Amino acid sequence: MNLNAAVALFLYLCIGVAAFFFTVIYVPPLPDGWFVKLPNWPIAGLVMLFLITFWRENLLHPTGPRIGIAFIVLMLFFGVTIRAAVSDSTGVPWVMFGLFPIQDAADYFGEAADLLTKGVIDTLRGRTIHSAILATLLAVSGFSLYAVALIQTCAAGLSVALAGIAIWRNQGAAAALMTVAVMYAFYHYFVGSMMTETTGFVCGTLAFAMLSEALRLRSQPVFLAGLAVLAFALSVRVGPLFLLPALILWSGFGFRGERRFNFRTPLLGLCVVIAVFSANTALNSRLAPTSGGSFVNAADSIYALVASGKAILGLRTEDELLTQTRWLQIYRDFPELEALSTEARVARKFEIMFDQLLYYPHAIAVGALPEWNNYFFNAQILPYQSSYKNRISRAIVGIFAVIGLFVVCRPKGDIQRGFILASNLGIFASVPFLVGGETRVYAATIGFTAMLPAFGMAFISNQFGKPYLKPEAPKHELAIAYAVAAFASVLIIPIALGAFVYAAAIPSAVAAPECLMGERGFVFRHSPGARRALRQSDDTPLFAAPDLSAAELDERAAGKYAGQHSPAIKALVRYANTSYGSATVHYTLDYVSAKAITFVAPGPGPEMESSFMSGCAAFEEGVWIASTITPYMVDSKKRGKQ
């Protein structure tokens, strides 16, 4: 290993992180509405690639300084993205006010809160790793939602940068830029949320980078390490699980040497995957003893697949099928499941699923056909593109993906092509069993799919005979592989620290303040990063979320946030237009009820940094309105005192 190269890469990582936070702190936010346009920018860069390289033919060699510049540019772009997502306040579907988790993201916040206050999680999902990481980040940051969003986005940017560098060195600049563009556009759909897709994306992208480096280095240990990280990623965010056996089987050919097949690598790979899944099961049993086990949602998806096949075969009417939330089909057909306990419900669902498989095995094959049709012809193979209807970008990427598919189908002894072909066949085989997963199920594996248009881009580029668009000869051997492995190991630290943070930072008991008749008392961890203020402040704390616009909120109340969220918006605007002159909306954990609470506080709200606060609130016109907020003291025995 070239030590200088490893040190240089580490410095690039540090500079990239500095560039990210510089953007978040000092760069003004983009104008409203620009957030949804950001995925088009990297695609536009692909068009500019040819123009730039005709001007300077050696501009895109992956040399040290150019890798550093690429790191900085990409991290700046991720910084602009999270800044725009929070400031725009229309953001992604799982975030309200650009910051507060709603829908599934609110469930994950609740699971993290349960872990911090009770030590266990009551969930039907059977996925606790993400909740454990989220709980640790919330506790360490003082329940700053903004800080958590920044950490998640920075980690995503670093993982994409490392994957892009690996492809740059393996397949050339054209393939690298296409890969980065696809992965960025996918993550853009989840940026700033607390969804499992954020953690699964980071881990899956790191695994993709490690596996790519393993092929370049012909290194079996690096391949097995990458396989372990990929299994971990698919434990965090379940997706195309058949990718794992596909890669295990392919490794026997990819690392065969002079033999026809190498049995040692697949056997070791199988052991690695089993070990990771076993550890996940043990962790799940510890943190969520009533969840019913890992991968419990499999019964929902498989049942929905069989139900779809039965409808096509005429064994049931299509009117009985759910068209949107299809994974809930089993609850529609068997409503008595809702009354069962968590463990009993999971056991009953698997019993129903196996009965359907026994009596209607042919329905699976028939039900798989529309799923494959959606994957290939309804944009699910490149799911991010349909999210914001970026049709030009989608057309460009789709054309290159078709070309790339033809390229990888003719490996001709090319280990990289064979690897991408095997991995995408594994994803393809998994598609029918991902019913209802929409765009989200590919979070951990989007890098493998991104290589299809990347190979297409590289193929077209190479037809011009431009050597600067082709791969560079291997150099620095293990520099990137070790950097990726080190960064991946950091992801495990929050889980290990979780128990210590839980024991040291969370009060074991609190006393609710005395309030007036009709009010409820609550105790919460105040953080500038867990509130949005409807005012203009000159002394906003460093990592506080930007202020909201009254004019924008008036418009949003009739638009995206209509319904259950509009009362908070109306209360914000109402108090900002009275003698108070301002108002703040908070989303945090109430230690009295051990539940998340959203409340509006008239006036500017507390100016102090992260600390424990207490207050009283009354429920008015669909939202909690705080009448008082005062400091809350926690003594050395971790018991609250008013």
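Bear in mind that the values in this text are calculations on the coordinates, not laboratory data. Just so you know, these numbers come straight off a predicted model, no measurement behind them. Because the Cβ atoms are built from the backbone with ideal geometry, glycine has one as well, and the counts that use them run over all protein chains shown.
In terms of modelled amide H atoms, which long-range or inter-chain residues lie less than 5 Å from the amide H of Asp590?
Lys595, Ala596, Ile597
Separation between the Glu318 and Glu620 pseudo-spin-labels, each 7 Å from Cα along Cα→Cβ, expressed in nm?
5.2 nm
Debye sum, Cα scatterers, region 268-372, no solvent: what log₁₀ I/I(0) at q = 0.11, 0.14, 0.24 1/Å?
Calculated log10 I(q)/I(0) at the listed q: -0.42, -0.65, -1.21.
Sort the following peptides by mean Cβ neighbour count (other Cβ atoms within 10 Å, averaged over residues), highest first: 590-601, 338-349, 298-309.
Ranking, from highest mean packing down: 298-309, 590-601, 338-349.
Over 25 Å, how big is the tail of the calculated P(r) for region 181-297, in percent of all Cα pairs? Before the final figure, lay out the partial values.
Details: 2055 of 6786 pairs.
Percentage above 25 Å: 30.
Can you pull the three principal axis extents for the Cα set of region 398-460, in Å, largest first?
Computed over region 398-460, the largest-to-smallest principal extents equal 35, 22, 16 Å.
Based solely on C-alpha atoms, express the radius of gyration and the Dmax of region 147-203 in angstrom.
11.7, 36
Working out 0.36 nm times the residue gap between Leu369 and Thr281, then minus their Cα-Cα distance, what length gain in nm do you get to one decimal? Write out the running numbers ahead of the final one.
On the way: separation 88, 0.36 × 88 = 31.68 nm, distance 3.22 nm.
Stretched fully, the Leu369-Thr281 segment lengthens by 28.5 nm.
For His526, list long-range residues whose amide hydrogen, built 1.01 Å from N in the peptide plane, is under 5 Å from its own amide hydrogen.
Hits under the 5 Å cutoff: Ser611, Phe612, Met613.
Sort out for me the Cα centre separation of region 215-231 from region 165-191, rounded to whole Å.
19 Å
Under the 0.36 nm per residue contour assumption, what length would be gained going from the current alpha-carbon distance of Leu11 and Gln463 to full extension?
Extra length available between Leu11 and Gln463 comes to 159.2 nm.
Cα atoms only: what Rg and Dmax, in Å, come out for region 320-359?
Computed over the Cα atoms of region 320-359, radius of gyration and Dmax are 10.6, 27 Å.
Determine the sum of side-chain charges near Ser193: Lys and Arg each +1, Asp and Glu each -1, restricted to other residues whose C-beta is under 13 angstrom from that of Ser193.
That works out to -1.
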